[in-house]
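This report concerns only the one structure given below.
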Amino acid sequence: CDRAQDGIRMVQSRGARGFQFSGSPQLFSFPASQLFINCIFFPAEFSIVVTLKIPQMAPEKSEYIFTLLEGDSDEPLLGLRLSQNKFYFLQKEEGQLWFNTLKRGLFLCDGIIWLNMLQVKEKLDYVEDHQDLFTNSETFDIEVFHMTSVGLFMATANRDSNLGSGIYKWTDGRFERYQNISTYDAQAWQYFTVGKKKFLVVANCRSKDAGDQEQSVIYKWSSRKLKFIRYQTLNTHSARDWEAFNIQDETFLAVANHRQGNRNHNIDSVIYKWNPVTQFFEVNQTIPTTGAYDWEFFTIGPYYFLAVANTFNGRSTVIDSTIYIWLGGMFQPYQFITTFGAIDWEMFQIENRVFLAVANSQMLTEEGKILYSINSTIYELSMTSQTFIKFQDIETNSALDWEYFTVGDDKFLVVANSYDGNSYSLNSVIYRWQGYEGFIPVHRLSTNGCRDWEYFNTTDGSYLIYSSARAALSKVLKLRTI
(Lines give C-alpha, C1' and ligand atoms only; values in the text may rest on other atoms or scores of the structure.)
Protein backbone atom coordinates (compact mmCIF):
# COMPACT_ATOMS: atom_id res chain seq x y z
CA CYS A 1 0.00 0.00 0.00
CA ASP A 2 1.20 3.51 -0.79
CA ARG A 3 -0.03 5.24 2.33
CA ALA A 4 0.05 4.49 6.01
CA GLN A 5 -3.18 3.16 7.48
CA ASP A 6 -4.44 4.00 10.92
CA GLY A 7 -3.96 1.28 13.53
CA ILE A 8 -1.37 -0.65 11.49
CA ARG A 9 2.37 -0.61 11.98
CA MET A 10 5.05 -2.66 10.20
CA VAL A 11 7.61 -4.16 12.57
CA GLN A 12 10.84 -5.98 11.84
CA SER A 13 13.06 -8.00 14.18
CA ARG A 14 16.01 -10.29 13.38
CA GLY A 15 14.98 -10.74 9.78
CA ALA A 16 11.31 -11.33 10.51
CA ARG A 17 8.83 -8.76 9.19
CA GLY A 18 5.18 -8.37 10.06
CA PHE A 19 2.32 -6.08 10.98
CA GLN A 20 1.02 -4.94 14.33
CA PHE A 21 -2.64 -3.99 14.59
CA SER A 22 -4.34 -1.84 17.19
CA GLY A 23 -7.89 -0.67 17.60
CA SER A 24 -10.95 -2.49 16.28
CA PRO A 25 -10.62 -5.35 13.73
CA GLN A 26 -10.50 -4.19 10.14
CA LEU A 27 -9.89 -5.52 6.65
CA PHE A 28 -6.39 -4.91 5.38
CA SER A 29 -4.91 -6.30 2.17
CA PHE A 30 -1.62 -5.79 0.37
CA PRO A 31 0.48 -7.47 -2.33
CA ALA A 32 2.87 -10.14 -1.04
CA SER A 33 5.76 -8.31 -2.70
CA GLN A 34 5.68 -5.72 0.06
CA LEU A 35 6.73 -8.40 2.56
CA PHE A 36 8.94 -10.49 0.28
CA ILE A 37 11.01 -7.72 -1.25
CA ASN A 38 13.93 -9.84 -2.47
CA CYS A 39 11.96 -12.37 -4.55
CA ILE A 40 8.84 -12.13 -6.71
CA PHE A 41 7.76 -15.66 -5.73
CA PHE A 42 5.84 -16.57 -2.61
CA PRO A 43 8.10 -18.87 -0.52
CA ALA A 44 7.45 -22.62 -0.44
CA GLU A 45 8.09 -22.68 3.31
CA PHE A 46 7.09 -19.90 5.66
CA SER A 47 5.87 -19.27 9.19
CA ILE A 48 2.84 -17.32 10.35
CA VAL A 49 2.99 -16.05 13.91
CA VAL A 50 -0.28 -14.61 15.23
CA THR A 51 -0.79 -13.15 18.68
CA LEU A 52 -4.42 -12.36 19.48
CA LYS A 53 -6.15 -10.64 22.34
CA ILE A 54 -9.90 -11.01 21.89
CA PRO A 55 -12.17 -10.34 24.89
CA GLN A 56 -15.08 -12.42 23.60
CA MET A 57 -16.44 -13.94 20.41
CA ALA A 58 -20.01 -15.01 19.71
CA PRO A 59 -20.37 -18.84 19.73
CA GLU A 60 -21.76 -19.02 16.17
CA LYS A 61 -19.26 -16.55 14.71
CA SER A 62 -15.97 -17.29 12.97
CA GLU A 63 -13.56 -14.82 11.37
CA TYR A 64 -10.56 -15.00 9.08
CA ILE A 65 -7.36 -13.71 10.64
CA PHE A 66 -5.23 -14.22 7.56
CA THR A 67 -5.77 -15.28 3.94
CA LEU A 68 -3.50 -15.69 0.96
CA LEU A 69 -5.18 -15.07 -2.41
CA GLU A 70 -3.97 -16.05 -5.87
CA GLY A 71 -3.46 -12.95 -8.01
CA ASP A 72 -6.69 -11.02 -8.47
CA SER A 73 -8.85 -13.98 -7.44
CA ASP A 74 -11.02 -13.91 -4.33
CA GLU A 75 -10.48 -17.65 -3.73
CA PRO A 76 -8.08 -18.29 -0.83
CA LEU A 77 -5.04 -20.53 -1.26
CA LEU A 78 -4.38 -20.44 2.47
CA GLY A 79 -6.44 -19.18 5.35
CA LEU A 80 -6.32 -18.96 9.13
CA ARG A 81 -9.81 -18.81 10.64
CA LEU A 82 -10.84 -18.43 14.27
CA SER A 83 -14.03 -19.57 15.98
CA GLN A 84 -14.90 -19.43 19.67
CA ASN A 85 -12.61 -22.29 20.70
CA LYS A 86 -10.86 -23.57 17.57
CA PHE A 87 -8.30 -22.51 14.97
CA TYR A 88 -8.80 -23.64 11.36
CA PHE A 89 -6.01 -23.55 8.80
CA LEU A 90 -7.45 -23.79 5.28
CA GLN A 91 -5.39 -25.11 2.40
CA LYS A 92 -6.87 -25.22 -1.08
CA GLU A 93 -5.01 -28.23 -2.47
CA GLU A 94 -4.81 -30.50 0.56
CA GLY A 95 -7.90 -29.73 2.63
CA GLN A 96 -8.70 -28.07 5.92
CA LEU A 97 -6.41 -27.97 8.93
CA TRP A 98 -7.74 -27.68 12.47
CA PHE A 99 -5.70 -26.81 15.54
CA ASN A 100 -7.31 -28.47 18.57
CA THR A 101 -6.33 -26.41 21.60
CA LEU A 102 -7.47 -29.09 24.06
CA LYS A 103 -5.49 -31.93 22.48
CA ARG A 104 -2.72 -29.56 21.40
CA GLY A 105 -2.72 -31.08 17.94
CA LEU A 106 -2.93 -30.13 14.28
CA PHE A 107 -5.39 -32.16 12.20
CA LEU A 108 -5.96 -32.22 8.42
CA CYS A 109 -9.33 -33.05 6.87
CA ASP A 110 -8.86 -34.88 3.57
CA GLY A 111 -12.56 -34.65 2.79
CA ILE A 112 -13.42 -37.83 4.69
CA ILE A 113 -11.59 -37.99 8.02
CA TRP A 114 -9.40 -35.82 10.24
CA LEU A 115 -5.76 -36.92 9.97
CA ASN A 116 -3.29 -36.30 12.78
CA MET A 117 -0.57 -34.04 11.38
CA LEU A 118 1.12 -32.96 14.61
CA GLN A 119 0.12 -33.57 18.21
CA VAL A 120 1.86 -33.07 21.52
CA LYS A 121 2.09 -36.43 23.27
CA GLU A 122 0.55 -36.78 26.71
CA LYS A 123 2.82 -37.42 29.68
CA LEU A 124 1.77 -38.91 33.00
CA ASP A 125 1.90 -36.25 35.72
CA TYR A 126 0.25 -37.81 38.76
CA VAL A 127 -2.41 -40.30 39.88
CA GLU A 128 -5.49 -39.28 41.86
CA ASP A 129 -8.46 -40.97 43.55
CA HIS A 130 -11.50 -41.17 41.29
CA GLN A 131 -13.92 -43.71 42.79
CA ASP A 132 -14.23 -45.98 45.81
CA LEU A 133 -15.99 -49.08 44.52
CA PHE A 134 -17.59 -51.16 47.28
CA THR A 135 -17.82 -54.77 46.13
CA ASN A 136 -19.76 -57.83 47.38
CA SER A 137 -16.65 -59.09 49.20
CA GLU A 138 -12.90 -59.27 48.72
CA THR A 139 -11.96 -59.18 45.03
CA PHE A 140 -9.35 -61.49 43.51
CA ASP A 141 -9.58 -60.32 39.90
CA ILE A 142 -11.03 -57.54 37.78
CA GLU A 143 -11.92 -57.83 34.11
CA VAL A 144 -12.61 -54.59 32.24
CA PHE A 145 -14.16 -55.03 28.80
CA HIS A 146 -16.02 -53.08 26.14
CA MET A 147 -19.00 -54.34 24.16
CA THR A 148 -19.66 -52.44 20.94
CA SER A 149 -22.88 -50.38 21.06
CA VAL A 150 -23.47 -51.57 24.64
CA GLY A 151 -20.76 -49.88 26.71
CA LEU A 152 -17.80 -50.32 29.04
CA PHE A 153 -18.15 -52.97 31.77
CA MET A 154 -16.19 -54.49 34.61
CA ALA A 155 -16.57 -57.90 36.28
CA THR A 156 -15.26 -58.52 39.81
CA ALA A 157 -14.30 -62.00 41.00
CA ASN A 158 -15.47 -62.00 44.62
CA ARG A 159 -14.61 -64.41 47.42
CA ASP A 160 -17.96 -64.76 49.22
CA SER A 161 -20.01 -67.58 47.67
CA ASN A 162 -23.21 -66.40 49.36
CA LEU A 163 -23.05 -62.93 47.79
CA GLY A 164 -21.68 -63.88 44.37
CA SER A 165 -19.78 -61.55 42.03
CA GLY A 166 -20.74 -58.26 40.44
CA ILE A 167 -20.80 -56.78 36.95
CA TYR A 168 -20.60 -53.01 36.70
CA LYS A 169 -21.23 -50.58 33.85
CA TRP A 170 -19.39 -47.29 33.30
CA THR A 171 -22.08 -44.63 33.63
CA ASP A 172 -21.51 -40.87 33.85
CA GLY A 173 -17.84 -41.31 34.64
CA ARG A 174 -18.24 -44.03 37.30
CA PHE A 175 -18.81 -47.77 37.58
CA GLU A 176 -22.38 -48.54 38.65
CA ARG A 177 -23.69 -51.98 39.62
CA TYR A 178 -25.36 -53.64 36.63
CA GLN A 179 -25.78 -57.38 37.32
CA ASN A 180 -25.00 -59.92 40.03
CA ILE A 181 -23.96 -63.50 39.20
CA SER A 182 -23.78 -66.49 41.57
CA THR A 183 -20.14 -67.56 41.94
CA TYR A 184 -18.24 -69.76 44.38
CA ASP A 185 -15.00 -68.28 45.67
CA ALA A 186 -14.49 -66.72 42.24
CA GLN A 187 -10.84 -66.22 41.28
CA ALA A 188 -10.95 -64.68 37.81
CA TRP A 189 -13.13 -63.54 34.90
CA GLN A 190 -12.31 -63.57 31.17
CA TYR A 191 -14.30 -61.78 28.48
CA PHE A 192 -14.05 -63.01 24.88
CA THR A 193 -16.00 -63.24 21.65
CA VAL A 194 -16.70 -65.99 19.14
CA GLY A 195 -17.87 -64.32 15.97
CA LYS A 196 -20.64 -61.98 17.10
CA LYS A 197 -21.26 -63.92 20.33
CA LYS A 198 -20.06 -62.28 23.55
CA PHE A 199 -19.02 -64.42 26.53
CA LEU A 200 -17.80 -64.14 30.12
CA VAL A 201 -16.24 -67.14 31.87
CA VAL A 202 -15.63 -67.34 35.61
CA ALA A 203 -13.04 -69.45 37.43
CA ASN A 204 -14.82 -70.87 40.49
CA CYS A 205 -12.45 -72.16 43.17
CA ARG A 206 -15.07 -74.07 45.16
CA SER A 207 -18.16 -76.16 44.50
CA LYS A 208 -21.68 -75.00 45.23
CA ASP A 209 -22.12 -77.69 47.89
CA ALA A 210 -19.34 -79.30 49.93
CA GLY A 211 -18.09 -82.52 48.37
CA ASP A 212 -19.51 -81.79 44.91
CA GLN A 213 -17.45 -81.41 41.74
CA GLU A 214 -16.17 -77.86 41.26
CA GLN A 215 -17.55 -76.21 38.15
CA SER A 216 -16.68 -73.05 36.29
CA VAL A 217 -19.31 -71.39 34.10
CA ILE A 218 -19.41 -69.63 30.73
CA TYR A 219 -22.04 -66.90 30.43
CA LYS A 220 -23.34 -65.49 27.14
CA TRP A 221 -24.56 -61.94 26.61
CA SER A 222 -28.23 -61.75 25.71
CA SER A 223 -28.96 -58.76 23.50
CA ARG A 224 -32.65 -59.25 24.26
CA LYS A 225 -32.40 -59.39 28.06
CA LEU A 226 -29.34 -57.10 28.13
CA LYS A 227 -27.53 -59.30 30.63
CA PHE A 228 -25.27 -62.35 30.82
CA ILE A 229 -27.02 -65.72 31.07
CA ARG A 230 -25.59 -69.18 31.83
CA TYR A 231 -24.40 -70.93 28.68
CA GLN A 232 -22.00 -73.83 29.47
CA THR A 233 -20.62 -75.49 32.59
CA LEU A 234 -17.13 -77.05 32.72
CA ASN A 235 -15.60 -79.23 35.45
CA THR A 236 -12.50 -77.59 36.95
CA HIS A 237 -10.22 -78.12 39.95
CA SER A 238 -9.68 -75.10 42.21
CA ALA A 239 -9.59 -72.99 39.03
CA ARG A 240 -7.49 -69.84 39.23
CA ASP A 241 -7.57 -68.37 35.73
CA TRP A 242 -9.06 -68.55 32.24
CA GLU A 243 -7.28 -67.40 29.09
CA ALA A 244 -9.15 -67.01 25.80
CA PHE A 245 -7.23 -66.80 22.51
CA ASN A 246 -7.48 -67.40 18.80
CA ILE A 247 -5.16 -69.43 16.59
CA GLN A 248 -5.95 -68.79 12.95
CA ASP A 249 -9.77 -68.97 12.85
CA GLU A 250 -10.26 -71.18 15.91
CA THR A 251 -11.12 -70.05 19.45
CA PHE A 252 -9.57 -71.67 22.53
CA LEU A 253 -10.04 -71.44 26.31
CA ALA A 254 -7.32 -72.51 28.75
CA VAL A 255 -8.09 -73.08 32.44
CA ALA A 256 -5.43 -73.04 35.16
CA ASN A 257 -6.36 -75.89 37.52
CA HIS A 258 -4.56 -75.21 40.79
CA ARG A 259 -5.09 -78.40 42.78
CA GLN A 260 -7.34 -81.42 43.20
CA GLY A 261 -8.60 -81.85 46.73
CA ASN A 262 -6.52 -80.15 49.42
CA ARG A 263 -3.10 -81.61 48.66
CA ASN A 264 -2.60 -82.64 45.04
CA HIS A 265 -1.14 -79.71 43.09
CA ASN A 266 0.37 -81.83 40.33
CA ILE A 267 -2.63 -82.13 38.03
CA ASP A 268 -3.65 -81.37 34.46
CA SER A 269 -4.81 -78.00 33.27
CA VAL A 270 -7.06 -78.11 30.22
CA ILE A 271 -7.30 -76.34 26.87
CA TYR A 272 -10.74 -76.30 25.29
CA LYS A 273 -11.61 -75.54 21.66
CA TRP A 274 -14.83 -74.06 20.33
CA ASN A 275 -16.80 -76.50 18.16
CA PRO A 276 -18.69 -74.45 15.54
CA VAL A 277 -21.05 -77.37 14.90
CA THR A 278 -22.17 -78.07 18.48
CA GLN A 279 -21.62 -74.40 19.51
CA PHE A 280 -19.85 -75.52 22.70
CA PHE A 281 -16.29 -75.79 24.00
CA GLU A 282 -14.73 -79.26 23.99
CA VAL A 283 -11.49 -80.62 25.47
CA ASN A 284 -8.65 -80.17 22.97
CA GLN A 285 -5.52 -80.82 25.08
CA THR A 286 -4.47 -81.47 28.67
CA ILE A 287 -1.18 -80.11 30.03
CA PRO A 288 0.47 -81.26 33.30
CA THR A 289 0.86 -78.24 35.61
CA THR A 290 2.04 -77.67 39.17
CA GLY A 291 -0.29 -75.51 41.23
CA ALA A 292 -1.13 -73.49 38.11
CA TYR A 293 -2.29 -69.92 38.76
CA ASP A 294 -2.19 -68.06 35.44
CA TRP A 295 -2.05 -68.52 31.68
CA GLU A 296 -0.65 -65.89 29.30
CA PHE A 297 -1.11 -66.26 25.53
CA PHE A 298 0.97 -64.22 23.09
CA THR A 299 2.25 -64.23 19.55
CA ILE A 300 5.69 -63.46 18.11
CA GLY A 301 5.62 -63.22 14.35
CA PRO A 302 3.92 -66.35 13.03
CA TYR A 303 4.41 -68.30 16.29
CA TYR A 304 1.88 -68.81 19.12
CA PHE A 305 2.94 -69.17 22.75
CA LEU A 306 1.24 -70.00 26.04
CA ALA A 307 3.00 -69.43 29.38
CA VAL A 308 1.82 -70.97 32.65
CA ALA A 309 2.63 -69.59 36.10
CA ASN A 310 3.24 -72.66 38.31
CA THR A 311 3.00 -71.76 42.00
CA PHE A 312 3.47 -74.76 44.29
CA ASN A 313 4.30 -78.46 43.98
CA GLY A 314 3.16 -79.46 47.47
CA ARG A 315 6.60 -78.90 49.04
CA SER A 316 8.15 -75.76 47.56
CA THR A 317 7.32 -72.67 45.52
CA VAL A 318 10.78 -72.72 43.90
CA ILE A 319 9.73 -74.58 40.76
CA ASP A 320 9.72 -74.22 36.99
CA SER A 321 7.06 -72.31 35.11
CA THR A 322 6.78 -73.27 31.47
CA ILE A 323 6.43 -71.52 28.13
CA TYR A 324 4.72 -73.62 25.45
CA ILE A 325 4.79 -73.18 21.67
CA TRP A 326 2.08 -74.23 19.22
CA LEU A 327 3.45 -76.94 16.94
CA GLY A 328 1.60 -79.58 14.96
CA GLY A 329 -1.82 -78.57 16.26
CA MET A 330 -0.89 -78.68 19.95
CA PHE A 331 1.16 -76.86 22.60
CA GLN A 332 4.59 -78.32 23.34
CA PRO A 333 7.17 -77.22 25.95
CA TYR A 334 9.47 -74.49 24.65
CA GLN A 335 11.31 -73.15 27.73
CA PHE A 336 11.41 -73.72 31.49
CA ILE A 337 12.00 -70.75 33.83
CA THR A 338 12.54 -71.11 37.59
CA THR A 339 10.00 -68.99 39.47
CA PHE A 340 9.11 -68.41 43.11
CA GLY A 341 5.42 -68.90 43.75
CA ALA A 342 4.59 -67.40 40.35
CA ILE A 343 1.11 -65.87 40.22
CA ASP A 344 1.09 -63.88 37.00
CA TRP A 345 2.79 -63.51 33.62
CA GLU A 346 2.56 -60.25 31.65
CA MET A 347 3.80 -60.10 28.08
CA PHE A 348 4.47 -56.75 26.38
CA GLN A 349 6.44 -55.33 23.49
CA ILE A 350 8.49 -52.13 23.29
CA GLU A 351 9.17 -51.39 19.64
CA ASN A 352 10.61 -54.69 18.33
CA ARG A 353 11.64 -56.02 21.74
CA VAL A 354 9.55 -58.72 23.46
CA PHE A 355 9.33 -58.98 27.26
CA LEU A 356 7.75 -61.31 29.83
CA ALA A 357 7.32 -60.16 33.43
CA VAL A 358 6.61 -62.68 36.21
CA ALA A 359 5.04 -61.79 39.55
CA ASN A 360 6.76 -63.93 42.20
CA SER A 361 4.65 -64.15 45.35
CA GLN A 362 6.82 -66.04 47.85
CA MET A 363 9.87 -68.22 48.28
CA LEU A 364 8.97 -71.32 50.28
CA THR A 365 11.81 -73.80 50.44
CA GLU A 366 11.53 -77.49 51.27
CA GLU A 367 13.13 -76.63 54.63
CA GLY A 368 10.08 -74.50 55.45
CA LYS A 369 11.62 -71.03 55.19
CA ILE A 370 9.27 -68.38 53.72
CA LEU A 371 10.30 -65.07 52.14
CA TYR A 372 7.83 -62.51 50.76
CA SER A 373 10.15 -59.61 49.87
CA ILE A 374 11.81 -61.17 46.84
CA ASN A 375 12.58 -60.27 43.25
CA SER A 376 10.06 -60.42 40.47
CA THR A 377 11.76 -60.62 37.09
CA ILE A 378 11.41 -59.19 33.62
CA TYR A 379 12.68 -61.46 30.84
CA GLU A 380 13.51 -60.43 27.28
CA LEU A 381 13.44 -62.61 24.20
CA SER A 382 16.98 -63.01 22.88
CA MET A 383 17.00 -63.15 19.09
CA THR A 384 20.36 -64.92 19.30
CA SER A 385 19.41 -67.82 21.57
CA GLN A 386 15.69 -67.72 20.70
CA THR A 387 14.92 -67.93 24.44
CA PHE A 388 13.81 -65.55 27.16
CA ILE A 389 16.73 -64.34 29.28
CA LYS A 390 16.75 -62.23 32.45
CA PHE A 391 16.56 -58.51 31.70
CA GLN A 392 15.80 -56.92 35.10
CA ASP A 393 15.06 -57.94 38.69
CA ILE A 394 12.65 -55.73 40.65
CA GLU A 395 12.21 -56.19 44.41
CA THR A 396 8.55 -56.80 45.21
CA ASN A 397 6.48 -57.80 48.24
CA SER A 398 4.48 -60.94 47.49
CA ALA A 399 3.71 -59.64 43.99
CA LEU A 400 0.42 -60.92 42.61
CA ASP A 401 0.02 -59.03 39.33
CA TRP A 402 1.79 -56.95 36.68
CA GLU A 403 -0.07 -54.57 34.35
CA TYR A 404 1.58 -52.92 31.34
CA PHE A 405 0.19 -49.68 29.88
CA THR A 406 1.23 -46.65 27.88
CA VAL A 407 0.59 -42.91 28.20
CA GLY A 408 1.62 -40.96 25.12
CA ASP A 409 5.07 -42.27 24.18
CA ASP A 410 5.85 -43.47 27.72
CA LYS A 411 5.64 -47.13 28.77
CA PHE A 412 4.74 -48.24 32.29
CA LEU A 413 4.45 -51.33 34.50
CA VAL A 414 2.47 -51.35 37.73
CA VAL A 415 2.91 -54.14 40.29
CA ALA A 416 0.44 -55.40 42.89
CA ASN A 417 2.43 -55.65 46.14
CA SER A 418 0.27 -57.58 48.61
CA TYR A 419 2.25 -58.62 51.73
CA ASP A 420 5.74 -58.18 53.18
CA GLY A 421 5.50 -60.75 56.00
CA ASN A 422 4.18 -58.19 58.49
CA SER A 423 1.59 -56.00 56.80
CA TYR A 424 -0.85 -55.95 53.88
CA SER A 425 -0.85 -52.13 53.78
CA LEU A 426 1.91 -51.51 51.27
CA ASN A 427 2.80 -49.29 48.37
CA SER A 428 2.19 -50.74 44.96
CA VAL A 429 4.54 -49.12 42.45
CA ILE A 430 4.33 -47.71 38.93
CA TYR A 431 7.57 -48.12 36.97
CA ARG A 432 8.44 -46.16 33.80
CA TRP A 433 10.53 -47.49 30.95
CA GLN A 434 13.89 -45.71 30.76
CA GLY A 435 15.53 -47.60 27.90
CA TYR A 436 19.00 -48.76 28.90
CA GLU A 437 18.13 -48.30 32.60
CA GLY A 438 15.10 -50.57 32.31
CA PHE A 439 12.06 -49.75 34.44
CA ILE A 440 12.47 -47.19 37.24
CA PRO A 441 9.95 -46.40 40.04
CA VAL A 442 8.03 -43.15 39.49
CA HIS A 443 4.83 -43.42 41.56
CA ARG A 444 4.09 -45.23 44.83
CA LEU A 445 0.43 -45.92 45.48
CA SER A 446 -0.97 -46.86 48.88
CA THR A 447 -2.84 -50.20 48.65
CA ASN A 448 -4.25 -52.79 51.04
CA GLY A 449 -3.73 -56.44 50.09
CA CYS A 450 -3.52 -55.44 46.42
CA ARG A 451 -4.50 -58.35 44.19
CA ASP A 452 -5.03 -57.10 40.64
CA TRP A 453 -4.47 -54.02 38.45
CA GLU A 454 -6.36 -53.12 35.28
CA TYR A 455 -5.78 -50.18 32.93
CA PHE A 456 -8.58 -48.77 30.78
CA ASN A 457 -9.52 -45.76 28.67
CA THR A 458 -12.74 -43.81 28.31
CA THR A 459 -13.63 -40.61 26.48
CA ASP A 460 -12.88 -38.84 29.77
CA GLY A 461 -9.30 -40.08 30.01
CA SER A 462 -7.18 -42.98 31.27
CA TYR A 463 -7.65 -44.91 34.51
CA LEU A 464 -6.20 -47.64 36.70
CA ILE A 465 -8.32 -49.80 38.98
CA TYR A 466 -7.01 -52.13 41.67
CA SER A 467 -8.75 -54.81 43.68
CA SER A 468 -8.14 -55.81 47.29
CA ALA A 469 -8.00 -59.38 48.55
CA ARG A 470 -8.33 -58.01 52.10
CA ALA A 471 -11.33 -55.70 51.90
CA ALA A 472 -14.60 -55.35 49.96
CA LEU A 473 -13.26 -52.20 48.35
CA SER A 474 -11.67 -51.59 44.97
CA LYS A 475 -10.34 -48.21 43.89
CA VAL A 476 -10.50 -46.42 40.54
CA LEU A 477 -7.60 -44.00 40.01
CA LYS A 478 -7.41 -41.38 37.27
CA LEU A 479 -4.17 -40.74 35.41
CA ARG A 480 -3.61 -37.00 35.18
CA THR A 481 -1.49 -35.96 32.21
CA ILE A 482 0.30 -32.85 31.00
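The values are calculated or read from the model by the stated rules, or taken from the named source; none is laboratory data. Note that this is a predicted model, so its numbers are computed, not measured. All Cβ positions, glycine included, derive from the backbone under ideal geometry; neighbour counts span all protein chains shown. Remember, those area values only see protein heavy atoms, side chains included, never the ligands or the DNA or RNA. Shrake-Rupley method; radii C 1.70, N 1.55, O 1.52, S 1.80 Å.
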### Message
With θ taken as phi - 60° and the coefficients 6.51, -1.76 and 1.60, list the Karplus ³J(HN,Hα) couplings across region 168-174 in order, rounded to whole Hz; mark glycine and proline as x.
### Response
10, 10, 6, 9, 6, x, 8
### Task
Over region 173-313, average the accessible area per residue using a 1.4 Å probe and give it in Å², no decimals.
45
### Message
Can you give me the long-range amide H partners of ILE247? Hydrogens built in the peptide plane at 1.01 Å from N, cutoff under 5 Å, separation of 5 or more residues or another chain.
### Response
PHE252
### Query
How much length is gained if the chain between GLN131 and LYS369 is pulled fully straight, taking 0.36 nm per residue apart and subtracting their Cα-Cα distance, in nm to one decimal?
81.7 nm
### Query
Hey, rough spin-label estimate for THR278 and ARG353, points 7 angstrom out along Cα→Cβ, what's it come to in nanometres?
4.6
### Task
Calculate what fraction, in whole %, of the accessible area of region 382-482 sits on carbon and sulfur atoms when a 1.4 Å probe is rolled over the protein chains.
43
### Task
For ASP410, put the label point 7 Å out on the Cα→Cβ axis and report which residues of region 332-358 keep their amide N under 19 Å from it.
349-351
### Query
What nm value, rounded to one decimal, do you get for the distance between ASP268 and ILE112 when each label is placed 7 Å out toward the C-beta?
5.1
### Query
When the Karplus curve 6.51 cos²θ - 1.76 cosθ + 1.60 is applied with θ = phi - 60°, which whole-Hz ³J(HN,Hα) does each residue of region 197-207 get, with x for Gly and Pro?
7, 10, 10, 10, 10, 10, 9, 8, 8, 10, 8
### Message
List the residues, sorted by chain then number, that are 5 or more residues from PHE388 or on another chain and whose placed amide H is less than 5 Å from its amide H.
### Response
SER382
### Query
What FRET efficiency comes out for the pair ILE247/SER385, r = Cβ-Cβ distance, R0 = 35 Å, nearest 0.05?
0.90
### Message
How large is the convex hull of the C-alpha atoms of region 124-481 per residue, in Å³?
### Response
143
### Query
Which ³J(HN,Hα) values, rounded to whole Hz and listed in residue order, are derived for region 184-196 from phi using the Karplus coefficients 6.51, -1.76 and 1.60 in 6.51 cos²θ - 1.76 cosθ + 1.60 with θ = phi - 60°, glycine and proline given as x?
10, 6, 4, 10, 6, 10, 9, 9, 7, 10, 10, x, 8
### Message
List the pairs from LYS225/LYS478; LYS227/LYS411; LYS169/LYS197 whose alpha-carbon separation is above 26 Å, in the order I gave them.
### Response
LYS225/LYS478; LYS227/LYS411
### Message
Which residues among region 131-156 fall inside the zone where the amide N is under 20 Å from a point 7 Å beyond the Cα of GLU176, along Cα→Cβ?
### Response
131-136, 144-156
### Task
Tell me the trypsin sites (Lys or Arg not before Pro) within region 206-262 that lie in a loop according to DSSP and have at most 13 other beta-carbon atoms within 10 Å.
LYS208, ARG224, LYS225
### Query
Three principal axis extents, largest first, for the C-alpha atoms of region 160-224, in Å?
43, 29, 20
### Task
Starting from the amide H of THR447, placed 1.01 Å from N in the peptide plane, find each other amide H under 5 Å away whose residue is 5 or more places distant or on another chain.
LEU426, ASN427, SER428
